[in-house]
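In what follows, a structure is listed as C-alpha cells, so that the remarks can point back to it.
Bear in mind that the values in this text are calculations on the coordinates, not laboratory data. Note that the structure is a prediction, hence the values are computed from the model and not measured. As a convention, Cβ positions derive from the backbone with ideal geometry for all residues, glycine included, and neighbour counts pool all protein chains shown.
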C-alpha cells in the first residue's frame, strides 16, 4: 500500500515537472526532437549512399554516380549543421528552465521552516537541486532526444542489415550485448559511487569555501589553524580519491579483458567478410556497407547505453528537485488578533525531539510596553524571538497580538551585498534618499553613512563590485537597526541587537531607540544587563522557562533571585 502511494506520488511529481517544461519550452522541445530525429535517419542514409557510390564506381553510369555523390555531400552538411542548431536550441532551453524552475524553487524554500537549513540531508538535496536547475534538467531532455535519434539509427540499420543477411544483424547484436552488459554494470557502480560520496563532496566544497573565502581568512590566520584545516580537507579528499582509485582499478581490469574479447569478435567478422568476397558470394560495396554498419551499429548501441546511464544520473538530480518541491510547507502561523497588547499563553516548543526548548511560556505585553528577555546562552531566548515573529510555529499554546506589522533585528542579521539604501530598506523601491538622510542627520552614530564614497548609493561588497566596500561589524549592525527603525512596524523585536557595538555606541543607540520607538511595542532579547534598564519589565528565562519577571528595581531587591545573581556574576567582570 505504502509502495503504491509512493509510486503515485512520484508519478505526480514527474507529471508536474513535465507540465512545467512543456508550458514554457514547447517550441524548443519540438525543435530539438525534429533535429535529432532527422540526424538519426541521416546516419543510416549516409552508410547506404556510400555503398551506392562504391557500387557505381565500378559501373560506367557517371550521372547516377554524381547524383549520389551530391546526396552524400548534402547529408554530410546536414550532419555537421544539425548538432549546431540543436545546441542553440539547447541554450535557449536551459535559459527557459532556469527562469521557470528557479523561481518555483525559491518560492518553495520561502515557505519551508527555517529549521530545514539545519538538516545536512536537506542541504545536500538543495545543492543537487541547484545543479538540476543549472544543467541537469536540460541535459536530461537533450539525452532523451539524442536517445530517440540513436534508436532511429539502430532501427533503420537493422532493416538494411536484414536485407543483406540476418546473420550480420544477429552477430552485431551479440557483440553489442557483451559490450553494453559491462557498460551497464559499470554505470550502476558509478551511480552508486557518486551517491555514496555526496556528503563527502559536500564537505569538500565546504572546506574549499573555508580556505578560499575572505570571510574566514582573519580567523584562520589569527588562530593559526590553516594547517589544521588543510589536514582535514586532505583527509576528506584522500578518502574520495581512494574510493575513486579502487573503482578505477577494478574496472580497468574488467575493461582490458572485455576489450580483448571484442577485438577478437571484430577481427572474426572481417575474416568472414573477406572470405565471402574471395569466394565471390558478396561484392566489395556490400563489404564496405557491412563494415560501416558494424561500426555504426555497435557504436550507436554503446552510445544508447551511455545515454541511459546519463539519464539515470541526471534524473537522480531531478528527483532531488522534486523532493524539495514535495517538502511539507510550514503552515502560516496565524496569531489571534486582539485590541490590547500581546499575549503568549502556555507556549511550548521542541526541536524535533522530546526535549522542550520552551516550556509553558505565559507572558503579557501591554501596548507600547518595552520588555527585556534575559537569560544565559541556550535558555531559549532566540527561539522565543522566532516564535514571536512567526518564523517558528509553537508546538503548543496560543499567541494573541494586536498587529501583524512586526519587525525583527536578529543577532545573525543579514548583510546584503547591494547598495547602502537597499540594505536599509530591502524591497522598498519608492523611497527617496532625502527621507533616509533626514532621519540619519537627526540621529547620532549614523554620520558614517555621509562619509561613504557614494553616500546611500555606495555598493557594499568588494567581492561583487569593483567599487564595493566593506563595513565594520558595528557599522553593519547600525544599518540593521536603522532598517528596523524606518520600517512601519507596531511590534519590534531586538535579538541581541548591539552585540557588535562598543559600550558607548550601545548606550547611545539604545537611548535613540528608546525615543524613536516610544509609540511602539518593543521586545529586547539580550544577555547584557545594561540594556535591561531601558525596559519597563524584565523576564528572566532559564532552561526554557520563565523563572522571574518584574521591573529592574524590583528584581534587584530579591537577593536570591535569578536576575540578581546574573547581575552579580556579570558585574564581576567590570570590578
Residue 65 versus residue 208, label points 7 Å from Cα toward the beta carbon: distance in nm? 5.8
Using all Cα-Cα distances in the chain, what percent lands in each 20 angstrom bin from 0 up to the longest? 14, 35, 27, 15, 8, 1
At a Förster distance of 35 Å, what's the computed FRET efficiency of residue 346 paired with residue 425, Cβ-Cβ distance as r, to 0.05? 0.40
Determine the calculated [θ] at 222 nm for the chain from helices alone, applying -39500 (n - 2.57) to every DSSP H run no shorter than 4 residues and normalising by the residue count; nearest 500 deg cm²/dmol. -22000 deg cm²/dmol
Going highest first, how would you order 46-59, 362-375 by mean Cβ packing within 10 Å? 362-375, 46-59
Could you tell me the calculated FRET efficiency between residue 554 and residue 396, based on Cβ-Cβ distance and R0 = 25 angstrom, to the nearest 0.05? 0.25
Could you calculate the contour length gain from residue 543 to residue 284, that is, 0.36 nm times the residue separation minus the distance between their Cα atoms, to one decimal place in nm? 84.2 nm
Peptides ranked, highest mean first, by Cβ atoms within 10 Å: ranges 172-178, 117-123: 172-178, 117-123
To the nearest 0.05, the calculated FRET efficiency linking residue 216 and residue 470 through their beta-carbon distance, R0 being 22 Å, is 0.95
Could you order peptides 254-265, 88-99 by the average number of other Cβ atoms within 10 Å of their residues, highest first? 88-99, 254-265
Distance in nm between label sites at residue 230 and residue 19, each 7 Å beyond Cα in the beta-carbon direction? 5.5
Which percent, nearest 5, of DSSP beta bridges in the chain are antiparallel? 40
Fully extended, how many nm does the chain gain between residue 249 and residue 41 (0.36 nm per residue separation, minus their Cα-Cα distance)? 71.0 nm
Here, residue 511 and residue 113, labelled 7 Å along Cα→Cβ, have an inter-label distance in nm of 4.4
